[in-house]
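Asks: Structure incoming, see below.
The values are calculated or read from the model by the stated rules, or taken from the named source; none is laboratory data. Values in this document were obtained by computation on a predicted structure and should not be read as measured data. Don't worry about glycine lacking a Cβ; one is built from the backbone with ideal geometry, like all the others, and counts go over all protein chains shown. We work out accessible area using only protein heavy atoms, side chains counted, and drop any ligands, DNA or RNA first. Shrake-Rupley method; radii C 1.70, N 1.55, O 1.52, S 1.80 Å.
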Amino acid sequence: MFHPTRPLTLMTLLAAATGSANAGEHREHDAHVHGIAHLGVALEGGALAVELTTPATNLLGFEHAPEDDDQRARLREAVQLLQNGLALFSLPIDARCVPESTEVESELLDDDHHHEGAGTEDHDHADFHVSYRFHCEAVSALTYMDVNLFTHFPATEKLEVQLITPSGQTGVELTQGASRLDF
């Protein structure tokens, strides 16, 4: 969803850092692979933008419209957790970061797919896309971010990260055993 009050979004920063042609290329390389998720992190001034894209199976264990009460409950619980950016991303207390906004999007959340008779063939590769925005008062203290996604969603095996800070751009991989992103 477009937010006119946001001066720059993560995608704007990524496009600027990699060039428009490469930004389109980058999206194409982000193939849907179970166990792997993608995280974009951009820091500009006191604004910290984080974007997560992951196959639904990494979060839910399935990628189709919920078929029973158990699956509906798993979907609700996952969305509640995804909406809590501070549960998924631990930031240094001294940086005084507060959440400003969170958006959770997935084909599985569309009202059309909760009606009886919705076929699973429509979403056999459903994804979640989650955007977080934090404001950090003491940016100089923002030296790392611990990613707790692996703890809450253990089917996530690897996180491919694109990090953009005032000092440059880098790509790293995080795993269960190495889940700290250094700025």
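Asks: Run down H129, H125, H115 and say which single residue is out of contact with any helix residue (DSSP H, G or I) (no Cβ under 6 Å at 6 or more places or on another chain), at pLDDT below 95 and either within 15 Å of H38 (Cβ to Cβ) or of a type in the set (V, I, T) (or both).
Replies: H125
Asks: Cβ contacts < 9 Å: first residue among the small types (G, A, S), restricted to region 82-99; second residue assigned to a helix (DSSP H, G or I), any location; separation 6+ or different chain. Result?
Replies: A87/L81; A87/H152; A95/V139; A95/S140; A95/A141
Asks: If you don't mind, there's one more thing I want to ask. Only one of these conditions is not met by T5: (1) at pLDDT below 95; (2) polar (S, T, N, Q); (3) within 14 Å of the chain's Cα centre (by Cα). Which number is it?
Replies: (3)
Asks: What is the residue count in region 58-81 for residues that are open to solvent by less than 30 Å² (accessible area, probe 1.4 Å) and either in contact with an Asp or Glu (Cβ under 6 Å, 6 or more places away or on another chain) or closer than 14 Å to A155 by Cβ (or both)?
Replies: Qualifying residue count for the region: 6.
Asks: Something else: Mind checking whether some residue in region 85-96 is modelled with pLDDT of 95 or more and in a strand (DSSP E or B)?
Replies: Looking through region 85-96, at least one residue is modelled with pLDDT of 95 or more and in a strand (DSSP E or B).
Asks: Among (1) β-branched (V, I, T); (2) under 16 Å from A78 (Cβ atoms); (3) open to solvent by 40 Å² or more (accessible area, probe 1.4 Å), there is one condition T156 misses while meeting the rest; what is its number?
Replies: Against the list (1) β-branched (V, I, T); (2) under 16 Å from A78 (Cβ atoms); (3) open to solvent by 40 Å² or more (accessible area, probe 1.4 Å), T156 comes up short only on (3).
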